[in-house]
Each structure stands twice: as C-alpha cells, then as structure tokens.
Amino acid sequence: MGKAKAAVKPPTYGNLITVLSIDGGGIRGVIPGVILAFLESELQKLDGEEARIADYFDVIAGTSTGGLVTAMLTAPDEKNRPLFAAKDIKDFYLNECPKIFPQLSNPLLANVWKVIKAFAGPKYDGKYLHKIVKEKLGNTRLHQTLTNVVIPTFDIQLLQPTIFSSYKVKQNRSLDALLSDICIATSAAPTYLPAHYFETKDSEGKVKSFNLIDGGVAANNPALVAIGEVTKSITRGSPNFFPIKPIDHGRFLVISLGTGTPIQEGKYSAKEAAKWDLWGWLTGGGSTPLVDVFTQASAAMVDFYISAVYPALHSEKNYLRIQDDKLRGVVSFVDIATKNNLEDLVKVGEELLKKPVSRVNLESGIFEPLNNNETNEEALIRFAKLLSDEKRLRQTRSPSPKS
C-alpha cells in the first residue's frame with residue numbers, strides 16, 4: 001500500500017508533536033479557512049511561497065466541514081503537493097456553498113419548503129456536494145494523504161463512531177476508503193444531508209460496509225480524537241515517535257479552530273424549549289436545535305478538557321483554541337449560503353484574528369481573554385515560528401535532511 005511522500009519528517013527527529021484540528025459547522029467552515037490562510041501566509045514568510053499547512057503538522061483532524069478542509073489541505077495533486085493552498089479555501093466556500101445549500105429567494109416560500117422537506121427527507125439532496133467532492137478528490141484514498149489525517153464519522157448501523165485515521169489504516173485495510181466518501185460521510189448532518197453508504201475491501205478481499213452520518217455526532221471538535229490516535233500509535237511502539245512516551249502530552253502543540261457558536265445569552269431558552277415536541281426540536285428558532293445542541297456540547301467538552309490539562313502540564317503556550325462564541329443572527333446558521341452571509345462569515349474570520357486569545361472559563365463555559373493581551377493573529381505568528389523551527393530541526397536531525 002504505497003503512500004504519497006510525507007510532507008513532514010516524523011516527530012522522532014524533533015521536540016514536538018504538531019496537531020491541527022478543525023471543527024464541524026457547515027458553511028461556517030469559511031471561518032477557519034480565513035484563519036488557516038493567515039497561518040499559511042506567515043509560514044510562507046519564514047520558509048518561502050511553496051510552504052503549505054501539510055508541511056508542518058504531524059496530524060490534521062477535521063469533522064464535517066472541517067473534514068472537507070482537512071482533505072483539501074492534505075490530498076496530493078499531480079505534483080505530489082497539497083491539492084489546495086489555504087488561501088483557496090475561502091473561494092471554494094464562496095463559490096460552491098450556494099450550490100451545495102441552494103436558497104429560495106422568497107422567504108415565505110422558503111419557510112413553506114422547509115416544512116415540506118422536513119417531512120419528505122433531508123433539507124438538501126447532497127447531489128452537488130457529492131459531485132464537487134468526487135471531482136476534486138478523484139481516486140485519492142485515505143493512505144495517500146500527504147500527512148496523517150483523522151476524520152470522525154458515525155455509523156448508524158453499529159451505533160458507534162467510525163474514525164478514519166491514517167494511523168489505523170496501517171493495521172486495518174478496510175478503512176482505506178476514498179477520501180471523497182469519507183468527506184461526504186462526515187458532512188452528512190442529520191436533517192440537512194442524506195446519510196452515506198459505501199463499501200471497501202480489506203487485504204483479503206472481504207467487503208466492509210459503512211452506513212455513516214456526520215462526525216459531529218461523535219466529535220464535533222476532533223482535537224482529542226487526534227491526540228488519542230497519536231497516543232495509541234506511540235503505545236504501539238511506532239518508530240516515528242521514539243523516544244516519546246504515551247504520557248508526554250506536554251509535547252503536543254495543538255491549534256484547534258472552531259467555526260463559531262451562537263452568542264451565549266441564548267439562541268434558545270428553556271421556556272421556549274419546554275413547549276417543543278419533536279418538530280420543535282427539529283425546527284425551533286428557524287434552525288435545528290437538536291443538531292446544534294449535540295454538536296456544540298461535544299465541541300465544548302473537548303475544549304473544557306484540554307483547557308484544564310494543558311495548564312496542569314505547564315504547556316499552556318502550546319495550545320491555541322480560536323473560536324467566536326458570539327455569533328448573532330444568520331451567521332450562526334450552518335446552511336444560509338447567500339452571498340451576503342458568506343461574505344459576512346469571511347468578515348467574522350478576519351475580525352477573529354484581531355480579537356484577543358481567549359480560553360474557555362471552566363465554570364461559566366464562556367470564552368474569556370487571557371491576561372497577556374496577545375491577539376489570535378499574534379499567537380498564530382508565534383505558532384508559525386514554532387512550527388517552522390520544528391520543521392527545520394527535524395530536517396537537520398533526519399538521516400536525509402533535504403525534503
């Protein structure tokens with residue numbers, strides 16, 4: 001099972017294990033797209049115009065729309081370089097999301113159609129999403145990504161998560177699915193897009209069936225899943241991590257990118273929700289409260305955990321979570337793919353760069369600025385230097401230092 005040439009030398013030659021994580025969130029994936037474009041531009045200032053995100057991270061994890069971004073950053077083109085530069089992600093969302101999530105121009109008709117679709121099946125048929133993802137990713141399989149990836153999905157037949165991981169695929173050939181199938185599956189949000197079925201074969205030719213929906217059901221913030229996959233690989237004695245120990249979590253450098261959440265004063269209220277039946281939980285407030293609740297809950301729990309652990313390891317400066325928890329109005333929706341709303345989401349990403357680095361308050365659940373007055377933009381410049389230095393160190397220590 002041949003693999004594309006790795007874009008990054010293994011951690012055994014460096015001091016850190018580098019992790020990039022991208023949350024789910026539909027069209028709001030344009031927000032981390034803007035942030036990644038800034039990070040990549042800073043890496044290019046340090047290492048040249050050909051520098052790409054995949055050259056610096058040992059593992060990139062993404063759920064739902066984050067899984068699609070992960071694939072865009074790590075799938076190889078005909079020159080064995082990343083298919084997309086980070087700066088191209090924004091334009092992909094601006095151009096393709098209106099076709100993935102087509103909008104009706106008349107608000108009254110839109111509301112009527114929403115009711116009809118809720119009874120008839122998913123809100124969107126997913127046909128254009130399937131088409132564009134297959135067109136862009138072609139026949140690329142999981143084992144061919146330029147760096148390790150971790151993309152969660154959820155199998156509704158087994159009622160358990162299925163994690164498509166570069167670390168697992170080495171032992172389990174049946175996970176070596178087409179990257180396009182993985183992206184379609186992890187994006188199949190209940191009520192929005194149809195569940196995805198596909199098959200693979202293991203090394204003995206045995207067929208494996210997958211019945212998958214959105215990875216946000218399991219891990220809307222996949223940072224902890226990525227750390228877990230690396231830890232298991234270390235435990236199994238992978239030479240890529242020698243002499244790192246499984247408990248050396250202080251050596252993980254983690255950038256975790258959110259896609260924004262509604263302002264915490266409340267998109268919903270208990271008084272309102274107390275009156276909801278199943279229909280209300282599926283359509284209350286013009287959105288899908290049930291989906292919002294479980295995706296935001298899983299994402300928040302991951303951030304709660306890492307925000308508690310990293311200070312205990314004296315490694316706070318190695319963890320950066322960039323998230324806007326104050327989205328208001330239509331920008332908080334995952335599927336309002338109008339030109340104006342998509343452009344507003346780009347502005348959200350640009351403004352987020354200027355905001356102070358914040359950390360979740362473990363008591364209130366609200367993001368609060370740290371005391372060092374560092375902005376997200378300044379933090380990313382600092383992280384770019386750390387990533388560049390780590391890459392150079394590995395190249396120097398590697399038996400074949402030239403990439």
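Solvent-accessible area of the chain (1.4 angstrom probe, protein heavy atoms only): carbon and sulfur portion equals 56 percent. So how tilted is helix 107-120 from the main axis of the chain? Cα-based, degrees 0 to 90, rounded to 10. With rounding to tens, the tilt is 80 degrees.
Take every Cα pair under 8 Å whose residues are at least 6 apart in sequence, average their separation, divide by the length of the chain, and the relative contact order is 23 percent. The convex hull defined by the C-alpha atoms of the stretch 148-194 has an orientation-averaged projected area of 3.5 nm². Seen against the Cα atoms of the chain and their longest principal axis, helix 339-354 is set at about 40 degrees. The percentage of C-alpha pairs in the stretch 341-388 whose separation is greater than 14 Å is 61%.
Qualifying GluC sites (Glu not before Pro) in the stretch 12-66, where qualification requires a DSSP coil assignment and no more than 11 other C-beta atoms within 10 Å, comprise 49, 50.
Listed by chain and number, the aspartates and glutamates whose C-alpha is less than 13 Å from the C-alpha of residue 9, apart from same-chain residues fewer than 8 away, are 55, 58, 389, 390. Rounded to the nearest 10 degrees, the angle from helix 223-235 to the longest Cα principal axis of the chain is 30 degrees.
Surface exposure of the chain, expressed per residue as accessible area with a 1.4 Å probe, stands at 45 Å².
Are any of the pairs 326/354; 79/170; 45/354; 90/136; 134/206; 134/391 more than 21 Å apart by Cα-Cα distance, and if so, which? Beyond 21 Å: 79/170; 134/206; 134/391. Across the stretch 9-64, the mean sequence separation of Cα contacts (distance under 8 Å, 6 or more residues apart), normalised by length, yields a relative contact order of 56 percent.
The values are calculated or read from the model by the stated rules, or taken from the named source; none is laboratory data. Because the structure is predicted, anything quoted here is derived from the model rather than measured. Heads up, the Cβs are rebuilt from the backbone with ideal geometry, glycines too, and the neighbour counts pull from every protein chain shown. The protein model used for the area step is the full one, side chains on, heavy atoms only, and it has no ligands, DNA or RNA in it. Shrake-Rupley method; radii C 1.70, N 1.55, O 1.52, S 1.80 Å.
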